[in-house]
């Protein structure tokens, strides 16, 4: 006999049809046949048997009742949730002893971040016992951005993530979930502005920092200026910096110069555009680099930068934030756009006479600073445990012990909670800053943070955009361009950035 071959698809279809037919038959009314023998005697020698079928119908409702009342099969208990928490440091064992001691194994691996993460995690676990946290480090800045895109592309979405420079970019992609209003109200709007969209916050800050103008008062005195009258306006800063430059080997002002694939420069000067009502972009990333007022902002910025030599600025930048703090402490420069971290280095020099003031403002402008070092943590909208992820962010970032740990220990960041920032004048949890002078600078950054602005985020091609920005910055600064030429450069940069924002990243 010839056997006809059947394909896997046809087999599945046939099996499905058979199973369906069996299921339908099981659900149909049952017919029960009872046979009754009735015997009638016709004569003594012949027996005729008649078979009569009697049919009874069992109703569907009776069958359903039998199924409902049947003993259910035992069900498995759901396994406790395991959450994938992205952090800047891997913490393999939350129960391992962590202590701020260079001989402590956990501290050597995790630094102060390990202590803060533990406080955050325990604040969450106290409300959610039984949940397991897998906490893994994923670097910072450009590397973090790349890691997050790779995870999303691979379909490996964690529960939470974090960021500073590129966090706005991910908010615009719609991958995060909004946090609750009650938790958001505990922070000033400046600290979560980078993760705000359509009136909702898609993350909360665990720490922050803010730029201020740091001033060496010895150099002010040397230039015949009154240290009790630091610059309050852009014109004041230009005039005073020029005066110090004349008596200080041609060096007065410093802030970061442009670097490729770096946001260091924009983190220090972004506020000037905000102050002069000429922001380089909207909060959701639409570029406005060449709007009225932008060229005037660059002119003012150039007037400060050119009170120092190009080589001096590049040398300080190459030395990082430590050398920036040392340079103003030792009178290499007289004015510096510095953030909370710079106070640590300045505070290590007991002979340094450095004060801090909020950034001077332009005529017709407003008080704004840049927030630097603001780490916003966010819950994923479509992660493994979306509701738990929101709870983790809310409980971990609002924990007061966690907010205080870094300023009171390592001396780099300030807390982001509104209640703490508003008490800047008397805030005494600054043990990480080793001198009264450093603490005074830090308290000024706390005040400034209340009116801060985050770095602009781009929804696509962030790295390529910052490369283009830094190229233009270099031309405008090193060429000491005039206003018309600055405007041409900004028009070209606007076109470039607008094109990159539209392209897939």
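Would you please name the residue that is nearest to residue 442 (Cα to Cα), looking only at residues in segment 414-423 that are part of a loop (DSSP other than H, G, I, E, B) and in contact (Cβ under 8 Å) with a residue 24 or more places away in the chain? Don't jump to the end; show me each part of the working.
Here is the first cut: in segment 414-423, the ones part of a loop (DSSP other than H, G, I, E, B) are 415-417, 423.
Still in the running and in contact (Cβ under 8 Å) with a residue 24 or more places away in the chain: 415-417.
Details: 415: 11, 416: 13, 417: 15 Å.
Looking at the filtered set, the residue picked out is 415.
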Residue hits (segment 466-493; under 29 Å from residue 167 (Cβ atoms), buried (at least 17 other Cβ atoms within 10 Å of the Cβ) and either touching a residue at least 40 places away in the same chain (Cβ under 8 Å) or not assigned by TED's automatic domain parsing to the domain that holds residue 311 (or both)) are 466, 467, 469, 470, 473, 476, 477, 490, 493
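Taking the options 269, 212, 263, name whichever one is modelled with pLDDT of 95 or more, closer than 30 Å to residue 466 by Cβ and either surrounded by fewer than 22 Cβ atoms within 10 Å (Cβ to Cβ) or within 31 Å of the chain's Cα centre (by Cα) (or both).
Details: 269 fails: modelled with pLDDT of 95 or more; 263 fails: modelled with pLDDT of 95 or more.
Result of the check over 269, 212, 263: 212.
Would you be able to say whether some residue in segment 374-386 is part of a helix (DSSP H, G or I), more than 16 Å from the chain's Cα centre (by Cα), closer than 25 Å to residue 196 by Cα and assigned by TED's automatic domain parsing to the domain that holds residue 101?
Within segment 374-386 (the criterion being part of a helix (DSSP H, G or I), more than 16 Å from the chain's Cα centre (by Cα), closer than 25 Å to residue 196 by Cα and assigned by TED's automatic domain parsing to the domain that holds residue 101), the answer is yes, since at least one residue qualifies.
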Test: residue in segment 91-106 that is modelled with pLDDT under 95, closer than 25 Å to residue 389 by Cβ and surrounded by 10 or more Cβ atoms within 10 Å (Cβ to Cβ) | no
The correct count of residues that are in a loop (DSSP other than H, G, I, E, B) and in contact (Cβ under 8 Å) with a residue 60 or more places away in the chain in segment 130-177 is 11
Q. Could we say that residue 449 is touching a residue at least 60 places away in the same chain (Cβ under 8 Å), touching a strand residue (DSSP E or B) at 6+ places or on another chain (Cβ under 7 Å), surrounded by 16 or more Cβ atoms within 10 Å (Cβ to Cβ) and not assigned by TED's automatic domain parsing to the domain that holds residue 171 here?
A. yes
In segment 443-468, anything at pLDDT 95 or above, under 23 Å from the mean Cα position of the chain (by Cα) and part of a helix (DSSP H, G or I) is listed as 445, 446, 447, 448, 449
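The values are calculated or read from the model by the stated rules, or taken from the named source; none is laboratory data. All figures in this text were calculated on a predicted structure; none of them were measured in a lab. Glycine also receives a Cβ, built like all others from the backbone with ideal geometry; neighbour counts cover every protein chain displayed.
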